[in-house]
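Beneath this line is the structure, given in C-alpha cells, with notes to follow.
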Amino acid sequence: MRTGISELASKLRKREISAVELTKTYIDAIEKLNPTLNAYVHLTFDTALKAAEKADQMLKEGDAPLLCGIPMALKDNICTDGLLTTCCSKILEGFKPYYDATVWEKLKAQGAVLMGKTNMDEFAMGSTSETSCYGAPLNPINTAYVTGGSSGGSAAVVCADLAVYSLGSDTGGSIRQPASFCGVIGLKPTYGAVSRYGLIAYGSSLDQIGPVTSSVKDAAIVFDAIKGGDKRDQTSVDYDYGDSLAERLDRDIKGMRIGVAEEFFDGINPEIKYKIMEAIALFEKNGAIIENIRLPALKIALPVYYIIACAEASSNLGRYDGIRYGYRASSYTSIEDMIVKTRSEGFGDEVKRRIMLGTYVLSSGYYDAYYKKACLIREEINREFDAVFEKCDALIAPTAPNTAFPLNHKVTSPVEIYLSDICTVPVNIAGIPAISIPCGKDSKGLPIGMQIIGKKFDEATVLQMAYFYEQNSGIDVGVYEGGARA
Amino acid sequence: MNYEIVCGIETHVELATKTKIFCGCTTEFGGEPNTHCCPVCTGQPGSLPILNQKVVEYAIKAGLALNCKINTKSHMDRKNYVYPDLPKAYQISQYDEPLCENGYIELDSGKRIGITRIHIEEDAGKLIHEKGYTYIDYNRSGVPLIEIVSEPDISSAEEAREYAEKLQLIMRYIGVSDCKMQEGSMRCDVNLSLRKPGDPNFGVRTETKNINSLSFIQKAVMAEAERQADILDAGGTIVQQTMRYDEKTDSVTPMRDKENSDDYRYFPDPDILGFCIDEEKVEEIRASLPELPFDKFKRYINVLGLSEATAKQLIKYKKVAEFFEGAIAEGASVKNAANLIVGTIFSNMDTEEEKELFAIRISAAQFAALVKLADEKKINIGVAQSTLQKMLESGKPVEEFIKPEDLVGISDEELESLCKEAIDANQKVVADIRNGKDKAINMLFGYVMKKTGGKADIRKVEAMLRKFIGQ
Amino acid sequence: MAVSKTEIEKLAKLAKLSFSDEELERFTAEFDAIIAFADTINQSIEGGTEQIRSIGARMVPFETLRPDEVVPSLPSDKILSNVEGYNGFFGLERSKK
C-alpha cells in the first residue's frame, strides 16, 4: 500500500521532508506523466510552490493540520479564486472566479497544496470524461481505456500518484464510477454533508463533492476536513459526526446487517458480479449478516435521474450567455443572436443533448408527465431505501455494470452510455452516502469497484466497512509504476 | 361604447429591506454601476442563493394588511427565461405556493377588489442602450419584490386608479416599501378585456406593462378600453398581447415581446429549501401592523370629529398623519391642528411627492406649541397662520415670533378704553348678559381681541368687561 | 413518443441553441431514443397529485432564514474581472462582424 496522508503528514511534521520538496516531487511526476495521461487540464505549480512554502512555515511553527503541505488536486468545476475553473467547457474559456468554493477555502486554510485542476466530462455530463473540451484523460492502469467520468481526471491523478488525493463531484456516480475504473477509492457523501458553494452546478439536488483517495483512511481524513454546514449553502447540513471519522475506522463487523438487492445486479457483467459476491462472502465469513432485500423502484431510477438532473441542468446552464464571463461568439447580428451563437459554439453535443432534454421535460404540456412524475418516483425510491435501512446497516452493490470502456468506444445511442450509471444514480436520488472501493480486476486486468451504501449521514459505517474490506481482502490499491512516490 | 371593462392589476412593489433577497448586498437606490454586487446577484457559476428572512416577513405583513390568508408553508420556484438583465437566466419567484392568497382592498364605494395572491421574487438588473452598445448594471439585480395580483374585479379607470392608490398607501403605512412609482419601486401591469354587459364569459385580454404613475394607470385603462372597443365595434377581434402605455400620446401600443417568453418552465428551486412559518409568528406580525389608513380615516371622523374631507387629506400621507397625531399628543386641539396642516402647511407643498415626503422644518411639538396659543385664544387664527408660515420658512420655534410681552403687550388703559368701546357698541349684548345669557360675553371678547390683533390677555379682558357691565 | 423536427426547433429556441440542418437530423434521431428512455418512467407507479417542493420536501422554519444584515459588496473591478468592462458597466456591442 501507498504511503497514506497520515504517514506523509508525520514525515512533514518531523521535517524528514519539506512541503516544498514534496511538491517538487509531484511537479516532476506531473511533468513526466501528464502529457500522456491528460489528467490535469490546468496546472498551478506557481501557487503550489507558494502554498508549499507557507505550509513549511506552518509546519515549522508546529500544530499544523493533517493536510498541511500535502499535494492535491481539484476537479475543474470547483471554484478557485484567481485560478482557471472551466468545467472543461469551451463556454467557460478563460474563466477565473474571484471567490473560492467552501471546500477549497477549508483545505487552503489547512495548508493544502493545489497542483492543478483535473479533467472531467464537460459540466460533469458523461461517464467517460471524453466530453471534455481538452480531450479525454487516459486510464493510468491501461491507457487504451477511459478513466470513467465525470471526475475522470480526479481519479486518474490519484491512481497515477500525481496527487495524494483529489476532490471530485458526484451527481449520478461521477466520483464512484471513475474511482472504480481507475482502481482507487471514491466517496460520495450524504447530500448536504459537504457544502456545494463554489461547485459549478449540474444537477443541484443531486450534486455532491467528495474525495478520491488511495486508501479508505485518506478518504476519511479528507471527508473530515471538508464536511460541515455552510451558511452560503442552504442545502448543507451541520450534522454532528462526533469525533474524527478517520480515528474510528476500526470496527468489528460481526452482527452487522448487510443488504444485497438483486435489482443492483440486473445486467451486470458476470465477472463483476462474481467479484462482488466474493466480497460479500468475506463479510459473511467475518460475522456479518447478509439480508436479501428488494428495491423495486430501482429499475426506473435511471430515467428518473436523467429527467431530474437534466431539468436542473437546463436551468443551471442558462446563465452561460457570453455576457459576464467565458466564451463569447465573435460575430453576431443582435444580442439574442450573440447568446444563441455563444451557446451553440461553446457547448459540446452531450451538454446540448441534456439541456434539450431538460428543457423538454419542464416545458408546458410535458412537465407533469416527466418532471413531476420523476419527482414523485424519487419520493418512492426514498421510501424504499428508508424501509431497507430499517433492516440493514448498509448495502453492497457493484459500482458499475462494467469495467472501463475502451477509448472512443462507439455507441449507437447516447442512451447506451446512460445505462452504465444504473448502479450509482439511485444513491444520488436518495441523497445517501456511498463509497467505491476496488475489489479485484477483470480478465483484461481492469479494476472492478464495489459500492458500499449507507444511511443518510452514516458515512461512519460506510467507511468502517470499506476499511474492513481494504484491510482483509488483500487487494492492493493504487500500485502504479512511475508516480510521484515510485 | 356598450362594453363592460374587466380589469385586473399586477403590482410589483420593491421591499424596503436592507439587503437583497438572496445575498447580503445593499438594496440602496443608485450607486456607481455594479458596486452593490457579489457572486450571488451577478449569477456567478457556483454561487448559491440564501433567502432573506425580512423579505418573507414583509410579504406576510403586506398580505395581512390586504386581508390575505397566509400560507404557512411555501417554497421558491425558478422562472426560466434568457435576457441580459437576468444574470442566472432564471428569476427566483413563487409559482404554485405563494406566501399569501385570497385578500381584498375595499374601495370608497364599499366595493371590494379581490387580491388573488402575493408572492416574493427578485428584481432584474438595468440595461442601458446607447450608440450601438448595451450596458448592464446589476445593482438592482436581486432586490426583493412582492408581486400583488388582483382579481379581474376592476370595472373602470377610476377604480383602477383608486385600487392602486389604496394599495400604495397601505404599503407605505406598514412600512414595507416607499412605493415611489417614479423610481420604479412600485410598477403596475394592467390586464384588460371587454365584454357585453351580462356576458358571463371574459373577452380576450391584453397586458399593459410597467405603468409608473397613478394617473397613467387611469389613462392607460381608458385608452386601452377605447382601443379595444373600437376594434370590437368594427367587428374585429382582440389579439392577446403585451402593450405599452405612451404618456406623450396618451395611447396604448403593442410592445415587442421578449422572445419565447411564453414558456417559463417553472420548477421548484433546488437550491432553496421550502420554509414554514408557524401561526404564532403570523399573529406576531399581525400584531405589529400599525393602524391602517381606512381604520385611521374612520377614527378621525368618529372619534376625533373631523370632517370626511379633512380626514381624507390627513390620512393620505403617512408622515402627515404621524405629524398630526404627534401634535395632538402634545396637547394641540384636533380642529386647529388639522386646519393649520391642511390650510397652511399644505399650501407650501405643490406636489403629491412633497406631501408624501413632508419635509418640514418644525417638529410636531413646536407645531403644537403654536396651536395651543390659538386654542387658548391667546392669538387668533390669522396670527396663528402667519406665524406658522414664518416658522415653516425659518425652522424657528414659535417663541421667536410671539414674545410673552406680545401676548400682554397692551397697556391696561388701552385695554380699559377698548372694553368700554365694546360695551358701548354692543348694548343689546350687554342687556342679554345682564339678563343671564352669560355666553353672550364671547361677542365682547371677540370685539376686543379683534381690535388688539389677538394679543390681549383674555382673563384680563374678562375681568374688565365684567367690572364695567357691573357683574 | 416521437419528437418532430419542429418540436426540436421549438425546444432549441427556448434553450437558446441553434443547430445546422445536419445536426438537427442527428439530434432529432438521438432525441427520439432519449425520450423513449425517459418514457420508461411511465411504465409503472402512478403519479400522485401532491405538490412538489424543493429537494426531499425538506423544510426549514422561518426563524432559520438569513437575517437582513448588509455584507459589503465587492468592488466592481472584481465583478467585471472576467469580461471587458465599460466604466464599471458590463457591456457589449449589439452587433459585431
List pairs: first in region A:327-342 and within 7 Å of another protein chain (Cβ to nearest Cβ), second in a helix (DSSP H, G or I) and not acidic (Asp, Glu), Cβ under 7 Å, 6+ apart or cross-chain?
-> A:Tyr332/A:Met338; A:Tyr332/A:Lys341
Inside region B:123-146, can you point out the residues that are more than 14 Å from every other protein chain (Cβ to nearest Cβ) and in contact with a Lys or Arg (Cβ under 8 Å, 6 or more places away or on another chain)?
-> B:Asp123
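Here is a yes/no grid of residues against (1) touching a strand residue (DSSP E or B) at 6+ places or on another chain (Cβ under 8 Å); (2) among the hydroxyl-bearing types (Ser, Thr, Tyr):
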residue	(1), (2)
A:Ser334	no, yes
A:Lys341	yes, no
A:Glu345	no, no
A:Gly358	no, no
A:Leu362	yes, no
A:Glu379	no, no
A:Ala397	yes, no
A:Pro414	no, no
A:Tyr418	no, yes
For A:Gly440, are the conditions met, namely being away from every other protein chain (no Cβ under 11 Å), open to solvent by 10 Å² or more (accessible area, probe 1.4 Å) and not in a loop (DSSP other than H, G, I, E, B)?
-> yes
Determine which member of the set B:Glu224, B:Glu284 is surrounded by 14 or more Cβ atoms within 10 Å (Cβ to Cβ), without any contact (Cβ under 8 Å) to a residue 40 or more places away in the chain and of a type in the set (Asp, Glu).
-> B:Glu224
In region A:76-90, is there at least one residue being in contact (Cβ under 8 Å) with a residue 12 or more places away in the chain, in a helix (DSSP H, G or I) and out of contact with any Pro (no Cβ under 7 Å at 6 or more places or on another chain)?
-> yes
With respect to B:Ile328, is the statement that it is farther than 27 Å from B:Gly110 by Cα and crowded, with 18+ Cβ neighbours inside 10 Å true?
-> no
Which numbered condition trips up A:Lys373, out of (1) over 24 Å from the mean Cα position of the chain (by Cα); (2) more than 9 Å from every other protein chain (Cβ to nearest Cβ); (3) buried (at least 21 other Cβ atoms within 10 Å of the Cβ)?
-> (2)
Could you tell me whether A:Thr403 is open to solvent by less than 50 Å² (accessible area, probe 1.4 Å), in contact with a Gly (Cβ under 6 Å, 6 or more places away or on another chain) and not hydrophobic (A, V, I, L, M, F, W, C)?
-> no
Does A:Asp46 satisfy being in contact (Cβ under 8 Å) with a residue 40 or more places away in the chain and surrounded by fewer than 21 Cβ atoms within 10 Å (Cβ to Cβ)?
-> no
Right, A:Val157: in contact with a strand residue (DSSP E or B) (Cβ under 7 Å, 6 or more places away or on another chain) and crowded, with 24+ Cβ neighbours inside 10 Å or not?
-> yes
Looking only at region C:69-93, which residues are at the interface with chain B (Cβ under 7 Å from one of its Cβ atoms), outside any helix (DSSP H, G or I) and among the β-branched types (Val, Ile, Thr)?
-> C:Val70, C:Val71
Selection count, region A:353-372, where residues are free of Cβ contacts under 8 Å to residues at least 24 places away in the same chain and out of contact with any Leu (no Cβ under 9 Å at 6 or more places or on another chain) = 7
Residue, farthest from the other protein chains (Cβ to nearest Cβ), within region B:37-64, restricted to residues that are open to solvent by 20 Å² or more (accessible area, probe 1.4 Å) and within 31 Å of the chain's Cα centre (by Cα) | B:Lys61
Picking from A:Tyr274, A:Tyr239, the residue that is open to solvent by 10 Å² or more (accessible area, probe 1.4 Å), of a type in the set (Phe, Trp, Tyr) and outside any loop (DSSP other than H, G, I, E, B) would be A:Tyr274
Note on region B:1-34: residues touching a Pro at 6+ places or on another chain (Cβ under 7 Å) and within 7 Å of another protein chain (Cβ to nearest Cβ) are B:Thr17
If we scan region B:65-77, do we find a residue that is open to solvent by 10 Å² or more (accessible area, probe 1.4 Å), without any contact (Cβ under 8 Å) to a residue 40 or more places away in the chain and either farther than 30 Å from B:Asp199 by Cα or not hydrophobic (A, V, I, L, M, F, W, C) (or both)?
-> yes
Under 19 Å from A:Asp458 (Cα atoms) and within 14 Å of chain C (Cβ to nearest Cβ) - does that describe any residue in region A:405-413?
-> no
Can you tell me how many residues in region A:100-141 are surrounded by fewer than 23 Cβ atoms within 10 Å (Cβ to Cβ) and either in a helix (DSSP H, G or I) or of a type in the set (Phe, Trp, Tyr) (or both)?
-> 5
A:Glu291 surrounded by fewer than 19 Cβ atoms within 10 Å (Cβ to Cβ) and of a type in the set (D, E, K, R) = yes
Go through region B:354-389 and give me each residue that's open to solvent by 70 Å² or more (accessible area, probe 1.4 Å) and free of Cβ contacts under 8 Å to residues at least 24 places away in the same chain.
-> B:Glu354, B:Ala359
Would you point out the residue of region C:15-24, among those that are in contact with a helix residue (DSSP H, G or I) (Cβ under 8 Å, 6 or more places away or on another chain) and more than 7 Å from chain A (Cβ to nearest Cβ), that is modelled with the lowest pLDDT?
-> C:Leu24
Selected residue (only one of A:Leu357, A:Leu317, A:Leu298 is within 9 Å of chain B (Cβ to nearest Cβ) and either open to solvent by less than 10 Å² (accessible area, probe 1.4 Å) or assigned to a helix (DSSP H, G or I) (or both)) | A:Leu317
Is at least one residue of region B:188-198 under 22 Å from B:Pro293 (Cα atoms) and at pLDDT 95 or above?
-> yes
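The values are calculated or read from the model by the stated rules, or taken from the named source; none is laboratory data. For clarity, every value in this text was computed on a predicted model and none was experimentally measured. Note that each Cβ is placed from the backbone with ideal geometry, even for glycine, and that neighbours are counted across all protein chains shown. Areas reflect the complete protein model, heavy atoms only, side chains present, ligands, DNA and RNA absent. Shrake-Rupley method; radii C 1.70, N 1.55, O 1.52, S 1.80 Å.
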